Each structure stands twice: as structure tokens, then as C-alpha cells.
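These notes are about the structure you will find just below.
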Amino acid sequence: MSETFTKSMARNIFYGGSLFFFLLFLALTFDTESALPDRDNRQAITEKVALGKKVWEEHDCIGCHTLLGEGAYFAPELGNVYKRFGNSTEAIVGFIKSRPENGIPGRRSMPQFNLSDEELEAVAEFLKYASEINTNNWPPNIQG
Amino acid sequence: MKYQSQAVAKPYFIAAIGLFVGQILFGLIMGLQYVWGDFLFPEIPFNVARMVHTNLLIVWILFGFMGAAYYLIPEETENELWSPKLALLMFWIFLVAGALTILGYLLVPYAKLAELTMNDLLPTMGREFLEQPTITKIGIVIVALAFLLNIGMTLLKGRKTVVSLVMVIGLTGLAVFFLFSFFNPDNLVKDKFYWWWVVHLWVEGVWELILGSILAFVLIKTTGVDREVIEKWLYIIIAMTLITGIIGTGHHYYWIGTPEYWQWWGSIFSAMEPIPFFMMTIFAFNMVNKRRRNHPNQAAVLWALGTAVMAFLGAGVWGFLHTLAPVNYYTHGTQITAAHGHMAFYGAYAMIVLTMISYSMPLMNGRKAANSNKSQVVEMWAFWLMTVSMVFITLFLTGAGILQTWMQRYTDTPLNFMAAQEKIAVFYWMREIAGVVFLIGLTLYIVSFFVGRNDPEAVIEEKAAA
């Protein structure tokens, strides 16, 4: 780099630039927070949904599945599974409940988690809530 | 080695390499599960293998960063580490906590682990990369604080160079942004939004400062180029990193319930994120070309140049590939993401830690500058085997991702997830083979520490420098 561009100029760009863009990021975050109530389906967050999120987390579902496209890529997207399963929480409950204890020979299989009825309903309600978040039309189709 | 206390880096590096081996073994298990669905089922389900794979990665990179700091900071600040004892104590605490956590993943069902560690009190578990029990997270914070205290006190009483300052800013940022891992609201959108404050602001933010400072340090040492020149480059690289990378967080805010405008902010700024990586490549090659001496540790120079190239390819090019919102609409959460993640993490963070180990280990083992020729030849073989196989892992996953995107997303007649997965199985097989080659490379890497130990140090004939 040329001699006219000095180290202190570089340093000032670093401190000034980082500070400016961090503040801009905070401003955008603030704006996002105020826009979220219309988009994030928060009115649907009941105690049951909150319990469902905890069940989701405590069985590390994200370790195989994606949820709104984030997670692992080993098993299907679940952000829209409620819709894919015909807008049915019972179908979700039925699927989770019926996983064979020892898997399916040669194939990927979801573990049998032996969830209680309350937990099953809660996690299904959580997935229903997730499917109604405004995701700017993602995923592109029902297959996720 | 100029200061006795720099030697505390050694156990950190040894632990890092050990955990790296574990990471790769579990990677191979997962790779196999992709094509042999019930492999080790139900004993080690995929999600458990994945937690072990990714958590070991994070932990070994953190060991590497801490080791690098314990080596680099005394030398840069020109005084002994504030407290080598504290550094050793924290080493054992971190290692035991890490090992217990990994054993917890493997030995009890995750829900049981959550119960045993009282996740109810402050639920933070079960989110990607942040699966650690809350108590482990608190342990990480304590280790990080003790570490920062140690490094900070060393810096305060010594010479303040740009390299050490940038490293400390990066490490402080690492600790600060980790605190967001304790924020886990019921609102999924908010949970995801702030989860990225840990994950993105780490790997596409403050970690790059640590990467830059280690690279600058090794280049100063191995090329003999004037510090002023290198520090100016370092400043401008990390300036571009944060100028593009902070708002670049927006490329994660396209489809998770956040407003549409993030598609603009995220696309524009993250499209510029390759710039600092490209500058880093130019920088590394420039400095080596302008070298004032030929350092006998040619393996370390190779790792440094390799880091610059692979970080640019993995983080820069493969990141750009799917960062624009209209592209990401189709590729989000597919094997394209996995491809990018593999090469970016290896190229930027695994390789920079290996660069630092390559430079400093011979010195900590009592060599004047470098290992024997024989040892370096084996190490360079390991470099090429690991690096080339990682390129192939990335290419195969990219192939898988393109087909997956095509069949499952970019079509009027989308296949369901598993149907698409079965059609791309051949790519997963090839990825697994490339993974085995990677393991061979890693094995050779470890072998390189044990060969030619009694041989004389490698020397460079000075005619080459003329």
C-alpha cells in the first residue's frame, strides 16, 4: 500500500467504520423489534406453545431438522410441517408417536422419544405457531 | 521462545489437536449415516453425532485461540504472562468441562442431560451450536473472563502493539457476544434473531479479528517484513471485515420472520464480505514475496498462505454463492449451506490455529526456529491431504446441494425431502471417501510431531534469498 495511506488512517477507518456500522445495526435491530409484532405470530404463543418450544429444544430436534431453514440438513424442514401434514396437529402427534424404537433397517429414522401426551400436543402446537410466522413466503413450496 | 510463560500454550494446542481428531471421527460417523441411515442407531442418533462434531469443533478452535493468545501476547507485549498458573488452571477447567459435556451428549439422552443439568432454571439448551447445558455455558463465561483478565493484565503492563490490541478486541468481542446465548425467549423469531448475534458476529465478525492478528503475527515472524506495513494491512482488513460483516448479519434475516428490508441490507453488505478475505490473500502473498529472510519453518509459511487462500474460497466465494436473497430463497438450509460451512470453518479457523501451532510448537519444543526437514515434509503432506480433501468435500456437498435445490425447490413438481436425498446419495458417498482422506491427512499431521525429532533443524541456503 502506498505511503500516502498511513497506518493511522487505516486505524481510524477501523474504529470509525466499525462503530458507525454497529450503531446502524442497532438502529435496524430497534426497527425490527418494532416491526415484529405484525409478523412473528406472537399472539399465538400460549403456555402450551412455550412448553412445545422447550420440548423441541430438550430433544435437540434442530440436530437433524431445519426450522425456518436453520438447523441440520439430515431430516425435513419443519417450519411448514403443520401445513404439509394437512393443517393437522394430530398428524404431527401421530408421526412422532409412531417412530419405531429400533429405527428402520437401512434408512434414516427419527428416534422414539417416548413423549407424554401433553408434550406431544405442545410440540405440535409449537410447530403450528411456527408455520404461521410471516417468513416472506419461504419455503418456496410445501416440501420445505 | 522468548518468554518462559509462553509455554502454557502447549497443553492448549495438544488438547486442540486431540479434540480435532474426535471432531473428524464423529464427522465420518455422520457422513456414513447420511447414506446408511441406521448406522449406530439408536445408540448414537445423527443429532447426537452432530452435536459432538460441531461442539468439538468450537471447543478445539477456542483452545487454539487461547493457546495462540498465550503464546502471542507475551511476545508482542514483551513481558511474561500475568499469571501462567491461572492459565493452566483454566486449561484444566475448560478441558474437564468440555469432556464432561461431550460425555453427557454421548452417554445419556439429551432430554435427560437437560434434566440433570437443570435446564429448567434457565433454559438455553437445544439450539444449534449452543447445545451445551446452561452450567457449561456459565463455565465457558468464567473461563473466558479469567482468560481475558490474564491476557488483559499482560497487555496493560507491556508494549501495546496493533497485533496484540486487535487480538484482545477480538477475544473480548468473542466473550461479549457469547452472552447472547443466555437469551432464549419463547418467541421463536426473537430467539433466532439474537442467536445470530452469537453465531454470525462470532464467525463473520470478531473471530476474523483473531484470525487476522494471528496471521499478522506469523507473517511478521516468518517474513521479517516491517511491522508498520503489516499492521497497516491488518487494520484495513479488519476494518472491511466489520464494515461489511456487521450489517452482513442481515443475510440470516431473510426468512425467519424479520422484515423484508433485510433482504436488501443483507444482500448488499454480505456481497462485500469476500473483500476482506480477498485482501487477506493479497496481503499474505505480498508479505511472503517481500520477505527479508527465508524462514526455515517452511511448513508454517505454507499454512499461513493456505489459510489466506482457503478462507477466501470457503468464507468468501462459497459464502457469496448463496448470500444474495433471490438465490438464498432456493438454497437456504440445503447442502449448499453445509458445503460453505465446511470449507469456511476449515479454511479460516482450523487452518489459522494449525498455522499458529506449526509456527510455535517447534519453538516450545526447544528448537531455535523450525522442525527437522523430515518432520516438515510429513507436515506438508498432511497440509495437502487435508486441504485438498476438504476442497473435494466442499465440491461434493455443493453438487448435492445444487441437485437438492433443483429437485426439491426450483421446480414445478417438487420431490419430498427424503426422495431428493436418495437421488443424491452418490455425492454423499464421495464426500465420505474424501472425509477418509482427510482423516489420513490428520493422522499424518500428528505423525509429523514424532518423526525426525532427533534430526537437526531444517536450514535454508541463503542463495535462495538473493
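The values are calculated or read from the model by the stated rules, or taken from the named source; none is laboratory data. Quick caveat, the model's predicted, so the values are computed rather than measured. We place every Cβ from the backbone using ideal geometry, glycine too, and count neighbours over all the protein chains shown. Please note that ligands, DNA and RNA were not included when accessible areas were found on the heavy atoms of the full protein model with its side chains. Shrake-Rupley method; radii C 1.70, N 1.55, O 1.52, S 1.80 Å.
For each pair in B:K85/B:K190; B:K290/B:K374; B:K160/B:K374, compute the distance between the two Cα atoms and list the pairs where it is over 32 Å. Over 32 Å apart, Cα to Cα: B:K85/B:K190; B:K160/B:K374.
In summary, the convex hull built on the alpha carbon positions of segment B:215-314 has an orientation-averaged projected area of 6.6 nm².
Measuring between their Cα centroids, segment A:1-23 and segment B:80-127 lie 39 Å from each other. Rounded to the nearest 0.05, what FRET efficiency do B:F183 and A:R99 have when you use their Cβ-Cβ distance and R0 = 30 Å? Efficiency, rounded to the nearest 0.05: 0.40. When B and A come together, around 7100 square angstrom of accessible surface is lost from both chains combined, probe 1.4 Å. For chain B, the equivalent ellipsoid derived from the alpha-carbon gyration tensor has semi-axes of 35, 25, 24 Å in decreasing order. Student exercise: in segment A:1-135, how many lysine pairs 8 or more apart or on different chains have Cα atoms under 27 Å apart? Taking segment A:1-135 as the scope, the lysine pair count is 12.
Rounded to the nearest 10 degrees, the inclination of helix B:298-311 to the longest alpha-carbon principal axis of chain B is 30 degrees. Taken residue by residue and averaged, Cβ atoms of other chains lying within 10 Å of the Cβ of A:129-139 number 5. Of all aspartates and glutamates in the structure, the ones whose alpha carbon falls short of 14 Å from that of B:K232, not counting any fewer than 8 places away in one chain, are A:E3.
Between 0 and 90 degrees, the angle of helix B:9-35 with respect to the longest Cα principal axis of chain B falls at about 30 degrees.
Placing pseudo-labels 7 Å out from each Cα toward the beta carbon at B:T172 and B:F392 gives an inter-label distance of 4.6 nm. Taking the square roots of 5 times each eigenvalue of the Cα gyration tensor of the protein assembly as shown, largest first, gives ellipsoid semi-axes of 41, 26, 24 Å. How would you classify segment B:345-398 from its alpha-carbon gyration tensor, with a ≥ b ≥ c the square roots of the eigenvalues: rounded for a/c under 1.5, else prolate if a/b is greater than b/c, otherwise oblate? Cα axes put segment B:345-398 in the oblate bin. For segment B:178-241 versus segment B:359-399, the inter-centroid distance based on Cα atoms is 24 Å. A simple spin-label model places pseudo-atoms 7 Å from Cα toward Cβ; at B:D455 and B:L25 they are separated by 2.9 nm.
Remark: segment B:399-410, residue by residue, has Karplus-estimated 3J(HN,Hα) of x, 4, x, 5, 5, 4, 4, 4, 6, 9, 10, 9 Hz, where x stands for each Gly or Pro and the curve is 6.51 cos²θ - 1.76 cosθ + 1.60 at θ = phi - 60°. For the pair segment A:108-136 / segment B:411-466, the C-alpha centres are spaced 38 Å from each other. The simple Förster model, with R0 at 56 Å and r as the Cβ-Cβ distance, assigns A:A91 and B:A99 a FRET efficiency of 0.85. Which of the aspartates and glutamates could a cross-linker span from B:K157 if the Cα-Cα distance has to be under 19 Å and same-chain partners fewer than 8 positions apart are dropped? The qualifying aspartates and glutamates are B:E75, B:E76, B:E78, B:E80.
Largest first and in whole Å, the equivalent-ellipsoid semi-axes of segment B:1-74 read 35, 9, 8, each the square root of five times a Cα gyration tensor eigenvalue.
Extent along the principal axes, Cα only, for chain A: 71, 40, 28 Å, with the longest axis given first.
An oblate overall shape is assigned to segment B:120-252, the ratio a/c of its alpha-carbon gyration tensor axes (a ≥ b ≥ c) being 1.5 or greater and a/b not exceeding b/c. Here the simple spin-label model places points 7 Å from the Cα toward Cβ, and for B:T443 and B:M118 these points are separated by 4.6 nm. Helix B:425-447 and the long axis of chain B differ in direction by around 20°, with both axes built from C-alpha atoms. Sequence-ordered 3J(HN,Hα) estimates for segment A:52-67 from the Karplus curve with 6.51, -1.76 and 1.60 and θ = phi - 60° stand at x, 5, 5, 4, 3, 6, 6, 10, 6, 4, 5, x, 10, 9, 9, 9 Hz, glycine and proline given as x. Accessible surface for chain B, divided over its residues, is 36 Å² per residue with a 1.4 Å probe.
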